[in-house]
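Report on the structure given below.
No value in this document is a laboratory result; all are computed from the given coordinates. Bear in mind that the values here come from a model prediction, so they are computed numbers and not experimental data. Methodologically, a virtual Cβ is constructed for each residue, glycine included, from the backbone with ideal geometry; neighbour enumeration extends over all protein chains shown.
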Amino acid sequence: MPGGIKTPGTERLRREAILKLKLDVIKTGMNFLSRLPLGRMGDPDEVARMMLVLATDLSTYVHGALIPVDGGFLPA
């Protein structure tokens, strides 16, 4: 269950919001970032690492679980 992940789409949205002065989008982004305990967006590689664990024998007893990969966003 990925949280805020830095992707080409989120980077494009950020650039457009700044260039076009979309203050509502900028404010929403700043509010979101302020709730991240790690203080940054996640990398796609960080989601991929959790998927790798789930695809190996390290998780043979894990079934039907939602695993947040969100930098601590949900409990914040």
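When we screen Gly42, Gly72, Gly29, Gly64 for residues that are surrounded by 10 or more Cβ atoms within 10 Å (Cβ to Cβ), on the phi > 0 side of the Ramachandran plot and not basic (Lys, Arg), the only hit is Gly72.
Only one entry in Val47, Val53 is more than 15 Å from the chain's Cα centre (by Cα) and either surrounded by 10 or more Cβ atoms within 10 Å (Cβ to Cβ) or of a type in the set (Lys, Arg) (or both), namely Val53.
I'm trying to understand the selection: among the residues of segment 9-26, which are assigned to a helix (DSSP H, G or I), among the basic types (Lys, Arg) and surrounded by fewer than 12 Cβ atoms within 10 Å (Cβ to Cβ)? Correct list: Arg12, Arg15. Residues that are under 28 Å from Phe32 (Cβ atoms) and free of Cβ contacts under 8 Å to residues at least 24 places away in the same chain within segment 47-74 comprise Ala48, Arg49, Met50, Met51, Leu52, Val53, Leu54, Ala65, listed in sequence order. Output yes when any residue across segment 35-46 is over 18 Å from Gly71 (Cβ atoms), outside any strand (DSSP E or B) and of a type in the set (A, V, I, L, M, F, W, C), and no when none is. No, segment 35-46 contains no residue that is over 18 Å from Gly71 (Cβ atoms), outside any strand (DSSP E or B) and of a type in the set (A, V, I, L, M, F, W, C).
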